[in-house]
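Accompanying notes for the structure given below.
No lab work stands behind these numbers, since they all come straight from the coordinates. All of these numbers come straight from a predicted model, not from anything done at the bench. Glycine also receives a Cβ, built like all others from the backbone with ideal geometry; neighbour counts cover every protein chain displayed.
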């Protein structure tokens, strides 16, 4: 069954906002408040790529949340109170983050799958001639045993 664009837009409640590393330069004083309102909105999903999670972390919005950033910023992200996870994509409910810039493709495909299903995500992978890498980390399942 095909869904028209109009029907899709009326049925969809999820909103994805992307906080990229350069986003704070436009209106730095207003950025934290705008991002906080977006994250607090019911049904909204905030997604960050690369240093975008650092913006949220420094603004105090990731305390206790699972997140990833570019490998060079992981210590800074941890210092903001975020629970740092070494993964390409980390899904923490209404907050999804990706490590380096190329992980952004994996994040976008994950959000497509989460919102529209695996068939749409797979068709988009085929369109881009790109295959996702790695496993999306989620705070669920069994804890691994470490030595």
Original post:
In nanometres, what is the gap between the two model label sites at residue 86 and residue 33, each 7 Å from Cα along Cα-to-Cβ?
Top reply: 4.0 nm
Subject >> Separation between Cα centres of the stretch 78-114 and the stretch 124-147, rounded to whole Å >> reply: 10 Å
Original post:
Taking neighbour counts of Cβ atoms within 10 Å as a proxy for exposure, in what order, fewest first, do 122, 71 appear?
Top reply: 71, 122
Original post:
Based on the Cβ-Cβ distance from residue 140 to residue 71, what FRET efficiency comes out when R0 is 22 Å, to the nearest 0.05?
Top reply: 0.35
Original post:
When the chain is fully extended, how far beyond the present Cα-Cα distance does residue 78 get from residue 126, taking 0.36 nm per residue of separation?
Top reply: 13.7 nm
